[in-house]
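Visitor: Mind having a look at this structure? Questions to follow.
The values are calculated or read from the model by the stated rules, or taken from the named source; none is laboratory data. Since this is a predicted model, take the numbers as computed values, not measurements. In case anyone asks, the SASA skips ligands and DNA or RNA and just uses the protein heavy atoms, side chains included. Shrake-Rupley method; radii C 1.70, N 1.55, O 1.52, S 1.80 Å.
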Amino acid sequence: MRVSATNYLLLGVASFAAFFGIQALVVSYCLPMPAIKDLSHPLEVIGTYTYSHGSRGGNSTWVNNKRFYCGGGALGYYSCVGYINGLPQQAPITLKFVNLKTIDGTVPVAMNVKSSGKELFSQTPLQYMSAWKSQNNFYFSSYSLIIALVVVGVTHIYLTRNKMT
């Protein structure tokens, strides 16, 4: 392979596409997207709400000391803190949730959150499935970009290792 910007660009694009495809196939095989039937029969819990703000987006939400999430994909989930912002600690809350299989085990995902009769968060199964796809595409793209950059960098080092400029 010749050292040229065009060759590096083509190598990077090919690497990105290959790793994106591999991730999409492997993850969809191991952890398929939840079906509408999985999301259509939520469980309900009534209790007290607590939350914590962590660094770098490490926020957590709990009802009766059980952590729950508002969305995510096969590789990661995100907290409900941003969606139910302003609700005080120990507030009474009604949570409708479904348990979904993830890479980390079973995760409770909120489908509806109410407090004092006011709806704070709600999502339909189709909205959740769309968010699942978006989250997976974000992670796959990020990891594929990193891997493609490493492949191009290592290739450049290999091709120019004996050349003195």
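Visitor: Taking θ = phi - 60°, what integer Hz values does the Karplus form 6.51 cos²θ - 1.76 cosθ + 1.60 yield along the stretch 89-101, in sequence order, with x for Gly and Pro?
Guide: 4, 6, 6, x, 8, 10, 10, 9, 9, 10, 9, 10, 7
Visitor: Here's something else I'd like to know. How high is the relative contact order of the chain, in percent, with contacts defined as C-alpha pairs under 8 Å that are six or more residues apart?
Guide: Averaging sequence separation for qualifying contacts and normalising by length gives 27 percent for the chain.
Visitor: I would also like to ask the following. Once amide H atoms are placed 1.01 Å from N in the peptide plane, what residues at a sequence separation of 5 or more from Tyr78, or on another chain, have their amide H within under 5 Å of its amide H?
Guide: Those qualifying (amide H under 5 Å, at least 5 residues apart or on another chain) are Cys70, Gly71, Gly72.
Visitor: While we're here: If you stretched the chain out fully between Asn85 and Ala18, how much longer would it get, using 0.36 nm times the residue separation minus the C-alpha to C-alpha distance? Kindly include the intermediate steps, with their values, before the conclusion.
Guide: Working: separation 67, 0.36 × 67 = 24.12 nm, distance 3.99 nm.
Between Asn85 and Ala18, full extension yields an extra 20.1 nm.
Visitor: Put Leu159, Leu9 in order of accessible area, largest first, 1.4 Å probe: what do you get?
Guide: Values: Leu159 45, Leu9 120 Å².
From most exposed to least exposed: Leu9, Leu159.
Visitor: Let me ask another. Can you send over the solvent-accessible area of Lys66, 1.4 Å probe, protein chains only, in Å² to the nearest 10?
Guide: 100 Å²
Visitor: Now a separate question. Hey, if we sort Cys80, Cys30 by accessible area with the 1.4 Å probe, largest down, what's the order?
Guide: Cys30, Cys80
Visitor: In whole Å, largest first, what are the principal axis extents of the Cα atoms in the stretch 72-141?
Guide: So the extents along the principal axes, rounded to whole Å, are 39, 21, 20.
Visitor: Same structure, new question: Where does the chain land at 222 nm, in deg cm²/dmol rounded to the nearest 500, when only DSSP H runs of n ≥ 4 count, each adding -39500 (n - 2.57), divided by all residues?
Guide: Theoretical 222 nm ellipticity from helices: -14000 deg cm²/dmol.
Visitor: Okay, next question. Let me confirm the definition first: pairs of Lys residues in the chain, 8 or more apart or on different chains, C-alpha distance under 18 Å. How many are there?
Guide: For the chain, the number of qualifying lysine pairs is 9.
Visitor: Next up: Given a 1.4 angstrom probe, what's the average accessible area per residue across the chain, in square angstrom? Don't jump to the answer; show the numbers that get you there.
Guide: On the way: 10120 Å² over 165 residues.
That works out to 61 Å² for each residue.
Visitor: Please list 3J(HN,Hα) in residue order for the stretch 23-36, calculated via the Karplus relation 6.51 cos²θ - 1.76 cosθ + 1.60 where θ = phi - 60°; whole Hz, with x for glycine and proline.
Guide: Coupling constants for the stretch 23-36: 4, 4, 5, 5, 5, 5, 6, 6, 9, x, 4, x, 8, 4 Hz.
Visitor: So how much slack lies between Leu25 and Lys133, counting 0.36 nm per residue of separation and subtracting their Cα-Cα distance, in nm? Mind showing how you got there, number by number?
Guide: On the way: separation 108, 0.36 × 108 = 38.88 nm, distance 1.31 nm.
Here the segment from Leu25 to Lys133 would lengthen by 37.6 nm.
Visitor: How large are Rg and Dmax for the chain when only the alpha carbon atoms are used, in Å?
Guide: In Å, with Rg to one decimal and Dmax whole: 21.4, 73.
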